[in-house]
Amino acid sequence: TEGTALVTQHGVNPTSVGGTPLGRGVSTTLRPGQTLCLVNGLYPLELHVEGPPPSPPPSSPPPTPSPPPPKRPCPPPDPWTQCGALLVFTPPGVIPSSKIAGFDLDGTLISTKSGRVFPMGPEDWRILYPEVPKKLKELQKEGYKVVVFTNQMGISRGRLQCSQFKAKVEAVAQKLGGALQVLVATGPGLYRKPVLGMWDHLCQEANGAVPVSVPDSFYVGDAAGRPQNWAPGRKKKDFSCTDRLFAINAGLRFHTPEEFFLGWPPAPFDLPTFDPRKLDPSGPLYDPPDEPLLSSTPEVVVAVGYPGAGKSTFLKTHFVPAGYVYVNRDTLGSWHRCVAACEAALGRGCSVAIDNTNPDPESRQRWGGQNSPGTIEPLYPHRFVACARAASVPCRCLLFTASIEQAQHNCRFRDMTESDHVPVTDAVLYGYRNRFVPPSLSEGFSRLLHIHFRPHFRDPQRKRLYLQFSAG
């Protein structure tokens, strides 16, 4: 019946409804107000029946929802991305391709309106030749992706505002048809041409995973190493060879703007004196080759050579493991401390390896002390040769034969691979060259060894980097 409940006792414990015991298997109806005791009059329960909830009063129809606000159009994606000292401009319409038509910017696609070498401002530019826009469009029709690679050191030096240069690039791209990608090296290091950082970034990160075919690609630039009077009416020589070396590093065919856009014949050119690709790692380590490199008795060895010539690595590789005490001015702070460290080591019966640049006899000996009363003897040398003489041990000279060009290359390589090393500027290297006097036995050296630079690389990536031209 509606509003009642059927109760059945299933267990042996007596259950009662309204005070009446049921018994096992007996059923009865529990009505509202009656009491159900589950076990022996305990746990009383009452049945209360609630009616259905009252119907809500009639209400007004729900309001008509207001239309959603109009969606704002999403801003277009930023065509500029940045990776450290590299800026990349990829506007809409740039299509990845296995064929890359690479170009330098200044002096290749554009020049200055003012006629000056460097632009007066962000508006001081013009298309270099009338043939340029048409030629770029033809390349794109042939399936090439047009990519510009440009060095802009002025950005990192604060001479060129990044925002202004971006606006200039966008204006140039629009003038040339729009669909060209631009990679900008804003400072020194791996991305700066002729090093292949920008090219590697294009191939690995900025070409939509499409492999680049080097044989089907090429590069055009005006820094081509052309000498003075390389063509009639062209009296100035190229300011550098950076663009040609960039193409050589990448294995790309190379053209100058005049050759590519105007059809001029190839011009003569000069490559740098030092070519890292020709370095022979298997040649003799030193000359004369029959001279023992190490001594079994105490001695002093004095290294002579450019910063970056390999002196520290050579001494730490060959001499320090053999027990030589390593003395270095960069570590100790002054030549006085170097002399003191040398004297102390010799006093303990140790051999000493002097790791300084030592460009001239003064730095290798430095006269000091005082004459004995009544003598007219010259001042006794008071540096490393003198230390050896005072200890009655021989003093050998290790002349590191790396040229200034190779030292510059080594220093740039070190800057790109060793973050904890103090950079060596070209001014320091030129200063060394101006002071350099070749060492000779007349200075008091017992032997003179010529040490040749023989590189060893930790991994293939470092070797690949070292074998690239690093400056024009």
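Points worth noting:
- The stretch 411-462: C-alpha gyration tensor shape, a/c 1.5 cut-off, then a/b vs b/c: oblate
- Size descriptors for the stretch 179-243 (Cα atoms only): Rg and Dmax, in that order, 15.1, 45 Å.
- Residue pairs, from the table 168/236; 99/166; 141/193; 113/278, whose Cα atoms sit over 30 Å apart: 113/278
- The calculated pair-distance distribution of the chain uses every alpha carbon pair, bins of 10 angstrom beginning at 0, and gives 3, 14, 18, 14, 10, 9, 6, 3, 4, 5, 6, 5, 1, 0, 0 percent.
- Protection proxy ranking, highest mean first, for peptides 295-303, 88-96: 295-303, 88-96, where packing is the per-residue count of other beta-carbon atoms within 10 Å, averaged.
- Estimated FRET transfer efficiency (residue 210, residue 270; beta-carbon r; R0 45 Å; 0.05): 0.80
- Per-residue [θ]222 nm for the chain (sum of -39500 (n - 2.57) over DSSP H runs n ≥ 4, rounded to 500): -7000 deg cm²/dmol
- With neighbours defined as other Cβ atoms within 10 Å of a residue's Cβ, the residues 456, 255 order from fewest to most as 456, 255.
- If you wrap the tightest convex hull around every Cα atom of the stretch 131-222 and split its volume per residue, you get 117 Å³.
- Karplus (6.51, -1.76, 1.60) ³J(HN,Hα), θ = phi - 60°, over the stretch 111-124, in Hz, Gly and Pro reported as x: 9, 8, 5, 6, x, 7, 5, 10, x, 6, x, x, 8, 8
- Peptides ranked, highest mean first, by Cβ atoms within 10 Å: ranges 432-445, 400-413: 400-413, 432-445
- Under the convention that each Lys and Arg Cβ holds +1 and each Asp and Glu Cβ holds -1, the size of the dipole of the chain around its Cα centre is about 780 debye.
- Computed over the stretch 80-262, Kirkwood Rh from alpha-carbon pairs, angstrom: 16.5 Å
- Taking every alpha-carbon pair in the stretch 115-175 and binning the separations at 5 Å intervals from zero gives 4, 14, 22, 25, 17, 11, 7, 1 percent.
- Reported value for the stretch 5-46: 53 Å³ per residue, from the convex hull of its C-alpha atoms.
- Ranked for footprinting exposure by Cβ neighbours inside 10 Å, fewest first, 180, 202, 45, 160 give 45, 160, 202, 180.
- Highest mean packing first, where packing is the average number of other Cβ atoms within 10 Å per residue, the peptides 23-33, 351-361 line up as 351-361, 23-33.
- Each part reduced to its alpha carbon centroid, the stretch 274-332 and the stretch 140-189 end up 45 Å apart.
Read the figures in this text as sums done on the coordinates, not as results from a lab. Given the structure is predicted, the values throughout are model-derived calculations rather than measurements. Note that each Cβ is placed from the backbone with ideal geometry, even for glycine, and that neighbours are counted across all protein chains shown.
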